[in-house]
Amino acid sequence: MLLFSFTQELKLAFLSLKRVPGFVLTVIATLGITLGALITIFNLNHLLLVKALPFPDAEKIMVLDHIINVDGQDQTGSQTIAGMQHWYQHQNSLKSMALVVRNWEILASHQQQPRLSMRYVTPEYFQLLDTPMALGRAFSNDEGKDSGKQVAVLSHQAWQQWFNGRTDVVGQTLQIGDSSFKVVGVAADSFHAPQLTDIDSEDIWLSWDANPYKDSGWGMFMSSVKAIGLLKDGVSKAQAQSDLGVMLDTGYQASEDRFEGETLKANLLSLKESVIGDTNRIALMLLAGTLTLLLIAVANVTNLFLSRAAQKQRTLAIQASLGARPGQLFTALFAESFLLCMASTVIGLLIAGWGFILLRQVGEGELPRLSELGLDVNTLAFSCVVGVLLALIFARLSRTVVNFNDLKEQLQSSGKGSGLQISKRTRNALVVAQVALASVMLVASAVVMEEAIKTIYKPLGFNSDDLVTLRVDVGNRYEERKEQYALSRELKAALLNMPQVDSVSRVISAPIREGRMRITLNDENMQRVGSFRINLVDHNYFDVLQLPFIHGRSFTPLSDDDYASEFVVSESLAKQLAPDGNILGKVFKNDPDEPIKVVGVVSDYFNPGDMEDGNGLRYYMPYFPIQGGFQIKLSTGASLSKLEVLTLLQSIDPQLRITELTKVEDAHKELLFTQVATAGLTLALTLLALLLAGAGIYGVLSYSTQMRRYELGIHMALGAKTGFVKRMVMAESLVPVFIGLAAGLAVALIGYALARAELEELIQPNITALVIAFPLMLVAASLACYLPVRKVIVDDPVKALRNE
Amino acid sequence: MTKQAKIQMLDIKKVFVTEEMETHALRGVNLEIFDGDYVSISGPSGCGKSSLLSLLGLLDSPTSGQYLIEGQDVSSLSINERALIRNQKIGFIFQAFNLIDELSVFDNVALPLRYREPAMSAQAIKTKVMDCLEKVQMSHRTSHKPNQLSGGQQQRIAIARALVGDPAILLVDEPTGNLDSKNGDAVMAMLAELNKAGTTLCMVTHDPRYADMAQRRLHLLDGCMADELTFKEAV
């Protein structure tokens, strides 16, 4: 019976809401977006703080690290393979232990030769993590350490991406780097490998024995080495840590590679501690942020509901006078708020689905377990509970509009009830707060967005059209300098012979994805001038990039035995090295016996991948073959496929591999992803701030106008024109808006003044942000002020007088 | 010479449409009110009295028909054009007084003059307002707020407000509905005095005693003029 009654109320509520689409849209948009953010962040927090790792006995699985004590100071983060293997062979504290090393390798047997993330592991890795398999099997015990077996297990993603999900992949032999591996299985999609060494996804697991570092000694510390183990029953973490520490140091002290004054200890962290680290703080901060957002949204939507209740006050009073009990009125109001909140929850869940994708992209490398984000029972339950709670709050507040002790007054009045009324002062304070808060957010958003957009549209300074970067893995066979020169020259000549290639320069670094190589420059007396970015290039490099010379020329090409005696500097570096402008001919030194003379100054260019000194204090010296590549200028509109390049490389040496073949424009776009994402995210936040502020101001002023509707009806009945009524209401409504804008400006300026030192490194605030933000806020607020008045003035006055 | 009607309604219909039903409040009303008339409109509840008064006062728009005030067709004017006519040619007296609580007696009465274009001088407004308050014997209460006055006093303020713009016609909606009989009688006496002084009046009332005070008594029934035949004869 009760259910039937509520169903009837829901039907009535639905019909009633159909008549107020503006109210419905505003409530659902405001709550939907906010709930979407909250659900996304709740899911993340649940994952990081509450949900157990999806592995059996996860709380007993430990991640084993080294602690290096140097002169009494502990250092963490690096391990020795020798130490890990020592534990693996001799430890007694763990029931089972697995070794893991991360590396990048080229999947040479694939036509595209992708560079993939590999993990060399012992078979216990799959046993400890109880890895579910989509195809085949994991490593067996006879494929472990010292077995000499070369086998591989593919991740589900790698299987789909590089093998098109073909089931016959099991049993195939893959060429990875210089070695062959037989595929024995494919991990199931549901397997989320714990991020042990970094946050990168894992593409392929290879058997331990193929690991190129496996024979490295005690002196080689690497961050890419880890081990996991399951504590034996009855052995505590502290006990295991102590035993393993003693064992590790004993091995280290007995080795030839040990350093004087250094001791090693074991550091054991539970798998969850290791995976989550201190990211739970970030997650909690995000949760606090979204809860604040929800509070603002709830305050705004409450205003909308109160305004709606004020509109329905007379109807509610009539129902009450006819004997409707408070509970019955509450049910009717709850039916409306329930429908709206549930619709908002559904929208919120849809937005959360998008939020998970966004969070995975934005949080990659910063937050763990992102691959596990997704709607689950807990998240659905949380969303429903929040939705119902909000519906209850809105219904409860709406019901207070009816004063059961003074029904006569409410029946006779036409809009101004004696139930809950928010004072004008409170309403104005709410508007001031909304406008001030939103203005500050808008200023901040405008500043951040302007910075991002400036970076996105900033010209590179050279012509990136048809420019391609090629990197070649030549292996370790070309050890002699002459051989390396000869190979690089042969490759350059072969590339130049390709019909679509216009020009080629050998380079050490690509222009916009350059390495971090810096070399110190000294003056003639070997006094240090500074450490600057350096690129080793052919003399025609500047022509290939169409990077213009400001003064001088490029350096003279070198023969194989020559050492560089000339170099070229960037415009910025020239200004720094010779503020008087006379840089040409100045002599500097890298090496005491090899003076180098500046022969040219080229324009600066912008590298979005190097925001530290993106405009670059750089210098260029003649090419010297280390691990280099080529900058290739193609004919206009031409393309260069990996297969074409690979065919060419292998015609010179079948062992040569492509490490990278990228269009500079694509690399540029990739590097700008953060800025594009920042601009997009900021724009979304700006719109959300505007929407929330707009909805909030609209809610408050709609309520105010509703309270004054009868009065406005009188003005109109007495002959006031719509313009007069509009001006009268707007003039009053805009006062708190202007106060809010002034307060927002003050807060923004004070905030900037207080945090100036920190902010100046990140952003360059200017007047544009204010010029954009404040008029935008004023327009939004004015619209929010105007719409409620418009509702009154477009109708005949009789409706306002009858409170229809 | 044919007498020019101040108010002329020809076949006025008003239909309220909701999702569930159509309600025909007025079904082709014809009406003429002449200069100096004192017309009462009465009829049972739901006969369309209030709808007719709202249309007469341009507070609402007819569904069809023609409505002329002093010869000007006002049936299809814009919101602002109708506001101008309400302000200059119509005075309202409501059952519930409809005074604005936040404004003083003086400001309530002055309201219609403040909407005038071009704007009137403050002195001219003051003179007109005090004159009207004098007429209703309320000039000593200019600074009071409406809620500091009795019902009878509030209605007198409402009458002053209705008169202040020198309207062509005064529309009166159940003027005694919220008053006791003593105050009701006083208000009705005041209206009669105004009519004697030349003000044209159209009043909606339930009370046959007050309806009989008018020179012309019209009866509405189910949205039609019950004495339509007499009216047609007159036309």
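Could you check the range A:708-721 and list, in sequence order, the residues that are within 12 Å of another protein chain (Cβ to nearest Cβ) and open to solvent by 20 Å² or more (accessible area, probe 1.4 Å)? Walk me through how you get there before you give the answer.
First, the residues of the range A:708-721 that are within 12 Å of another protein chain (Cβ to nearest Cβ): A:708, A:710-721.
Answer for the range A:708-721, where residues must be within 12 Å of another protein chain (Cβ to nearest Cβ) and open to solvent by 20 Å² or more (accessible area, probe 1.4 Å): A:Arg708, A:Tyr710, A:Glu711, A:Lys721.
Kindly indicate which of A:Phe555, A:Phe549, A:Phe567 is of a type in the set (Phe, Trp, Tyr), open to solvent by 60 Å² or more (accessible area, probe 1.4 Å) and more than 36 Å from the chain's Cα centre (by Cα).
Numbers: A:Phe555 fails: open to solvent by 60 Å² or more (accessible area, probe 1.4 Å); A:Phe567 fails: open to solvent by 60 Å² or more (accessible area, probe 1.4 Å).
Step by step, each of A:Phe555, A:Phe549, A:Phe567 is checked, and only A:Phe549 is of a type in the set (Phe, Trp, Tyr), open to solvent by 60 Å² or more (accessible area, probe 1.4 Å) and more than 36 Å from the chain's Cα centre (by Cα).
Could you tell me which of the residues B:Leu53, B:Leu58 is part of a loop (DSSP other than H, G, I, E, B), of a type in the set (A, V, I, L, M) and within 13 Å of chain A (Cβ to nearest Cβ)?
Details: B:Leu53 fails: part of a loop (DSSP other than H, G, I, E, B).
Within the list B:Leu53, B:Leu58, the selection yields B:Leu58.
What number of residues within the range A:419-460 are open to solvent by less than 40 Å² (accessible area, probe 1.4 Å), modelled with pLDDT of 80 or more and not in a helix (DSSP H, G or I)?
Of the residues in that region, 1 qualify.
Return the total of residues in the range A:24-59 being of a type outside the set (Val, Ile, Thr), out of contact with any helix residue (DSSP H, G or I) (no Cβ under 7 Å at 6 or more places or on another chain), under 13 Å from A:Phe382 (Cβ atoms) and assigned to a helix (DSSP H, G or I).
The total comes to 0.
Mind telling me which of the residues B:Ala158, B:Ala162, B:Ala110, B:Ala83 ends up being in a helix (DSSP H, G or I) and over 17 Å from the mean Cα position of the chain (by Cα)?
Values: B:Ala158 fails: over 17 Å from the mean Cα position of the chain (by Cα); B:Ala162 fails: over 17 Å from the mean Cα position of the chain (by Cα); B:Ala83 fails: over 17 Å from the mean Cα position of the chain (by Cα).
From the options B:Ala158, B:Ala162, B:Ala110, B:Ala83, the qualifying one is B:Ala110.
Tell me which residues, restricted to the range A:383-393, are in contact (Cβ under 8 Å) with a residue 60 or more places away in the chain and crowded, with 17+ Cβ neighbours inside 10 Å. Spell out the reasoning first.
Let us first name the residues in the range A:383-393 that are in contact (Cβ under 8 Å) with a residue 60 or more places away in the chain, namely A:383, A:386-387, A:390, A:393.
If the condition is that a residue be in contact (Cβ under 8 Å) with a residue 60 or more places away in the chain and crowded, with 17+ Cβ neighbours inside 10 Å, then A:Ser383, A:Val386, A:Gly387, A:Leu390 are the ones that fit.
Would you pick out the residues in the range B:4-25 that are under 16 Å from B:Glu70 (Cα atoms) and either at pLDDT 90 or above or surrounded by 15 or more Cβ atoms within 10 Å (Cβ to Cβ) (or both)?
Taking the range B:4-25 first, the residues under 16 Å from B:Glu70 (Cα atoms) are B:4-10.
Once the filter is applied, which keeps residues that are under 16 Å from B:Glu70 (Cα atoms) and either at pLDDT 90 or above or surrounded by 15 or more Cβ atoms within 10 Å (Cβ to Cβ) (or both), the range B:4-25 yields B:Ala5, B:Lys6, B:Ile7, B:Gln8, B:Met9, B:Leu10.
Failed condition for A:Ser96, given (1) open to solvent by 10 Å² or more (accessible area, probe 1.4 Å); (2) under 26 Å from the mean Cα position of the chain (by Cα), with all others met?
(2)
Quick check on my filter: what residues within the range B:94-113 are surrounded by fewer than 23 Cβ atoms within 10 Å (Cβ to Cβ) and among the β-branched types (Val, Ile, Thr)?
Passing the criteria: only B:Ile100.
This table checks each residue for (1) touching a Lys or Arg at 6+ places or on another chain (Cβ under 7 Å); (2) loosely packed, with under 14 Cβ neighbours inside 10 Å; (3) among the β-branched types (Val, Ile, Thr); (4) over 30 Å from A:Asn303 (Cα atoms).
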position	(1), (2), (3), (4)
A:Ala638	no, no, no, yes
A:Leu649	no, no, no, yes
A:Pro654	no, yes, no, yes
A:Leu661	yes, no, no, yes
A:Val664	no, no, yes, yes
A:Ala667	yes, no, no, yes
A:Val676	no, no, yes, yes
A:Leu691	no, no, no, no
A:Gly694	no, no, no, no
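A:Thr290 fails exactly one of the following numbered conditions: (1) in contact with a Ser or Thr (Cβ under 8 Å, 6 or more places away or on another chain); (2) within 30 Å of A:Ala391 (Cβ to Cβ); (3) open to solvent by 50 Å² or more (accessible area, probe 1.4 Å). What is the number of that condition?
Just one mismatch for A:Thr290, condition (3).
Can you list the helices (runs of 4 or more DSSP H) found entirely within the range A:79-163 that contain at least 2 residues being aliphatic (A, V, I, L, M) and closer than 30 Å to A:Asp473 by Cβ? Talk me through it step by step, then tell me what you get.
Values: elements: A:81-90, A:124-128, A:156-163.
In the range A:79-163, A:81-90 are the helices (runs of 4 or more DSSP H) which contain 2 or more residues that are aliphatic (A, V, I, L, M) and closer than 30 Å to A:Asp473 by Cβ.
Only one of B:Gly36, B:Gly28, B:Gly65 is assigned to a loop (DSSP other than H, G, I, E, B), farther than 18 Å from A:Ala720 by Cα and at pLDDT 85 or above; which? Step through it out loud before you land on a result.
Values: B:Gly28 fails: assigned to a loop (DSSP other than H, G, I, E, B); B:Gly65 fails: assigned to a loop (DSSP other than H, G, I, E, B).
Criteria check complete, one pass: B:Gly36.
Pairs under 6 Å by beta carbon, first residue within 9 Å of chain B (Cβ to nearest Cβ) and buried (at least 20 other Cβ atoms within 10 Å of the Cβ) in the range A:787-801, partner among the hydroxyl-bearing types (Ser, Thr, Tyr) and outside any loop (DSSP other than H, G, I, E, B), six or more apart or different chains?
Hits for this filter: A:Ile793/A:Thr722; A:Val798/B:Ser54.
Of all residues in the range B:165-187 being of a type outside the set (Gly, Ala, Ser) and open to solvent by 40 Å² or more (accessible area, probe 1.4 Å), which is nearest to the other protein chains (Cβ to nearest Cβ)? Explain how you work it out, then say what you get.
Residues of the range B:165-187 of a type outside the set (Gly, Ala, Ser): B:166-167, B:169-176, B:178-180, B:182-183, B:185, B:187.
Subsequent filtering for residues that are open to solvent by 40 Å² or more (accessible area, probe 1.4 Å) retains B:166, B:178, B:180, B:182-183, B:185.
On the way: B:Asp166: 12, B:Asn178: 9, B:Asp180: 16, B:Lys182: 21, B:Asn183: 17, B:Asp185: 23 Å.
So the residue we want is B:Asn178.
On the basis of being in contact with a helix residue (DSSP H, G or I) (Cβ under 8 Å, 6 or more places away or on another chain), surrounded by fewer than 20 Cβ atoms within 10 Å (Cβ to Cβ) and free of Cβ contacts under 8 Å to residues at least 24 places away in the same chain, does A:Lys575 make the cut? Break it down stepwise before answering.
Numbers: in contact with a helix residue (DSSP H, G or I) (Cβ under 8 Å, 6 or more places away or on another chain): no; surrounded by fewer than 20 Cβ atoms within 10 Å (Cβ to Cβ): yes; free of Cβ contacts under 8 Å to residues at least 24 places away in the same chain: yes.
No; evaluated as a whole, the condition is false for this residue.
Going through the range B:89-106 one residue at a time, which ones are more than 10 Å from every other protein chain (Cβ to nearest Cβ), touching a Ser or Thr at 6+ places or on another chain (Cβ under 9 Å) and not polar (S, T, N, Q)?
B:Val105, B:Phe106 - these are the residues of the range B:89-106 that are more than 10 Å from every other protein chain (Cβ to nearest Cβ), touching a Ser or Thr at 6+ places or on another chain (Cβ under 9 Å) and not polar (S, T, N, Q).
I'd like the full set of residues that are farther than 21 Å from A:Lys791 by Cα, open to solvent by 10 Å² or more (accessible area, probe 1.4 Å) and more than 9 Å from chain A (Cβ to nearest Cβ), limited to the range B:64-88.
B:Ser64, B:Gly65, B:Gln66, B:Leu68, B:Glu70, B:Gly71, B:Gln72, B:Asp73, B:Ser75
Just the residues that are outside any strand (DSSP E or B), modelled with pLDDT of 90 or more and open to solvent by 50 Å² or more (accessible area, probe 1.4 Å), please, taken from the range A:171-188. Walk me through how you get there before you give the answer.
Taking the range A:171-188 first, the residues outside any strand (DSSP E or B) are A:171-172, A:177-178, A:188.
Keeping just the survivors that are modelled with pLDDT of 90 or more gives A:171-172, A:188.
Within the range A:171-188, A:Gln172 is the sole residue that qualifies.
Give the residues of the range B:107-123 that are in contact (Cβ under 8 Å) with a residue 24 or more places away in the chain, more than 8 Å from chain A (Cβ to nearest Cβ) and under 30 Å from B:Gly184 (Cβ atoms), sorted by residue number.
B:Asn108, B:Val109, B:Ala110, B:Leu113
Could you list, in sequence order, all residues of the range A:680-737 that are free of Cβ contacts under 8 Å to residues at least 12 places away in the same chain and in a helix (DSSP H, G or I)? Give the steps one after another, and end with the answer.
Taking the range A:680-737 as the starting set, the residues that turn out to be free of Cβ contacts under 8 Å to residues at least 12 places away in the same chain are A:680, A:684, A:687, A:711, A:718-721, A:723-724, A:727, A:731-732.
Within the range A:680-737, A:Gly680, A:Ala684, A:Leu687, A:Glu711, A:Gly723, A:Phe724, A:Arg727, A:Ala731, A:Glu732 meet the criteria.
Within the range B:146-164, track down each residue that is closer than 18 Å to B:Pro112 by Cα and open to solvent by 10 Å² or more (accessible area, probe 1.4 Å). Please lay out each step first, then the result.
Step one: list which residues in the range B:146-164 are closer than 18 Å to B:Pro112 by Cα, which gives B:146, B:154-164.
Within the range B:146-164, B:Gln154, B:Arg156, B:Leu163 qualify.
Say we look at the range A:60-89 and pick out the residues that are at pLDDT 85 or above and among the charged types (D, E, K, R); which of these is least open to solvent (accessible area, probe 1.4 Å)?
Among those residues, the one meeting the criterion is A:Asp65.
Sort out which residues of the range B:68-80 are modelled with pLDDT of 85 or more and of a type in the set (Val, Ile, Thr), and write them in order of number.
B:Ile69, B:Val74 - these are the residues of the range B:68-80 that are modelled with pLDDT of 85 or more and of a type in the set (Val, Ile, Thr).
The values are calculated or read from the model by the stated rules, or taken from the named source; none is laboratory data. Treat the numbers as computed from the prediction; the structure is a model and nothing was measured. For neighbour counting, all protein chains shown are included, and Cβ atoms are generated from backbone atoms with ideal geometry for every residue, glycine included. Ligands, DNA and RNA are excluded from the accessible area calculation, which covers all protein heavy atoms including side chains. Shrake-Rupley method; radii C 1.70, N 1.55, O 1.52, S 1.80 Å.
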